[in-house]
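The values are calculated or read from the model by the stated rules, or taken from the named source; none is laboratory data. Bear in mind the structure is a predicted one, so any value in this text is a computation, not a measurement. Note that each Cβ is placed from the backbone with ideal geometry, even for glycine, and that neighbours are counted across all protein chains shown. In case anyone asks, the SASA skips ligands and DNA or RNA and just uses the protein heavy atoms, side chains included. Shrake-Rupley method; radii C 1.70, N 1.55, O 1.52, S 1.80 Å.
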Amino acid sequence: MLTADPTPALIRRNTIYLALAQMFVGTGTLFTGSMGPLMIESLLGSPLLVGLSTAVVAGSRFIASYSFGLVTDRFGRRSGLFLGLGLGLAGATVIGTAMQARWFPGVITGMVIFSMGMNGVQQLRLAAAEMYPPSRRAVIIGFMLTGSLVGVVMAPPTISLAFSLAPLLGLGDLAMPWFIFPALIVPALVLVTRVRPDPREIAADLTRYFPSYVPPVSQVATDSSPFGPREFFADAERRIAAVTMLFAQAAMNMAMVTVPIQLHHHGLELPAVALSISIHVGGMFGPSIPMGKLADRFGRGPVLIAGALIEAIGAGITTFTSDHASVTFGVFLVGVGWCAANVASSAMVIDSAPGHARGRAVGLLDTFTVAGLFLPLSVGVLISVWGLQLAGLVAMVLAILPLLLRRLLADDSIVPWPKALRRPA
């Protein structure tokens, strides 16, 4: 329901604090992806297990997402964020210490702790979005994701600074960045302490802050009602959001794997490849606010559909072109499509979940999406046996597959879900 009520000052203030915290966290999430393979290769003297860092991130997300949702539902959003940031701080310290000592098991242990913390802090978008009526939530999710983009931009200079300081302090190049990371976590912790009252408390009494807002009947639920995977997938909107995001994640990761190989095969050097991937990341987060505005104005479904189509078109361009500009444009569109799917699916899940279970709902969405990180493991086989073009075609099919399954996913009769858990027509 639309509401013309102005946003209260304390909610605006809380939103800014959370977005700034997201910025600092966004810097840290790039550390594992950019340095993890290099660290493992350096310690083992072989590239054989360089993919282990990505597997650790995915596995940690699978373990942490729902667990953190349970914590935030039971103890408040701030408690879950404090726990995630604390684990991130501890994990970074373990990684840096173990890397300096060149102790491989310690580095992997630190990566697990760090990744669990960083994945748990994904609840930031929920904390911000649920302080607003549904008509404004998607743009707030976009605002938070824009904070992630700022964090990604901050990561390379932060790592460069660490590399410059390492010789002066007698530390290894790959250890020093992890000792700098606490300087990013501490401000995020301070910002979260300034978020008052807890966003969960605001969400429980939205009419106090937005008097014209009337909660939908479907949102009425008791704090004792259960909520797990069965209840999550009992709702058609959540099924559509989760499956669409799963395949959007899979298609995007396949594109990120194939594009560097494709450009390299066409004789382009590493700087050109890095530029393409940087533009792709810009597409992932840069349009977040406009996508949120579109989702609030025209609905979550149309933006979700548009995202799938844009991602499929982008995958097709990267597949059937060879020059640097065209491939880069294609992978940029892949990022834009993923952005639309991410914003719309998050908003759909937050909108449809009962207030006492939103943390678990977002956690389950993130957990289910993890499977999309593993599908690109097939890229090597596809390329080796059938070539790059087939891998690109698979990415295109993955992107549009949820559109083909949409009617099936929306049909409550396909699984005997309890009638009480279905949303009224």
Residue check for L270: at pLDDT below 85 and either buried (at least 20 other Cβ atoms within 10 Å of the Cβ) or in contact with an Asp or Glu (Cβ under 7 Å, 6 or more places away or on another chain) (or both): no
Quickly run through region 217-255 and pick out the residues that are modelled with pLDDT under 80, farther than 30 Å from T207 by Cβ and open to solvent by 10 Å² or more (accessible area, probe 1.4 Å). N253
Consider G106 carefully, then state whether it is part of a helix (DSSP H, G or I) and modelled with pLDDT of 95 or more. yes
If you go through region 141-165, how many residues are in contact with a helix residue (DSSP H, G or I) (Cβ under 8 Å, 6 or more places away or on another chain) and either farther than 20 Å from T29 by Cβ or outside any helix (DSSP H, G or I) (or both)? 1
Residue tally, condition of a type in the set (A, V, I, L, M, F, W, C), modelled with pLDDT of 90 or more and either surrounded by fewer than 19 Cβ atoms within 10 Å (Cβ to Cβ) or assigned to a helix (DSSP H, G or I) (or both), over region 166-184: 8
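Would you mind finding the one in V303, V370, V385 that is modelled with pLDDT of 95 or more and among the hydrophobic types (A, V, I, L, M, F, W, C)?
Working: V370 fails: modelled with pLDDT of 95 or more; V385 fails: modelled with pLDDT of 95 or more.
One residue alone meets the criteria, V303.
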Is it fair to say G69 is open to solvent by less than 50 Å² (accessible area, probe 1.4 Å), closer than 26 Å to A162 by Cβ and in contact with a helix residue (DSSP H, G or I) (Cβ under 6 Å, 6 or more places away or on another chain)? no
Counting just the residues of region 43-56 that are of a type in the set (A, V, I, L, M, F, W, C) and either closer than 23 Å to V370 by Cα or modelled with pLDDT under 75 (or both), which one comes out surrounded by the most Cβ atoms within 10 Å (Cβ to Cβ)? V56
Filtered residues of region 185-208 (kept if hydrophobic (A, V, I, L, M, F, W, C) and open to solvent by 60 Å² or more (accessible area, probe 1.4 Å)): V186, V190, A204
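For every residue, the table says whether it meets (1) among the hydrophobic types (A, V, I, L, M, F, W, C); (2) surrounded by 24 or more Cβ atoms within 10 Å (Cβ to Cβ); (3) without any contact (Cβ under 8 Å) to a residue 12 or more places away in the chain; (4) in contact with a helix residue (DSSP H, G or I) (Cβ under 7 Å, 6 or more places away or on another chain).
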position: G91; (1), (2), (3), (4): no, yes, no, yes
position: F104; (1), (2), (3), (4): yes, no, no, yes
position: M111; (1), (2), (3), (4): yes, yes, no, yes
position: M116; (1), (2), (3), (4): yes, yes, no, yes
position: E130; (1), (2), (3), (4): no, yes, no, yes
Selection count where residues are assigned to a helix (DSSP H, G or I), open to solvent by 10 Å² or more (accessible area, probe 1.4 Å) and of a type in the set (S, T, Y), scope region 309-351: 3
Filter region 1-42 for residues that are assigned to a helix (DSSP H, G or I), at pLDDT 75 or above and of a type in the set (S, T, Y) and give the result. T15, Y17, T27, T32, S42
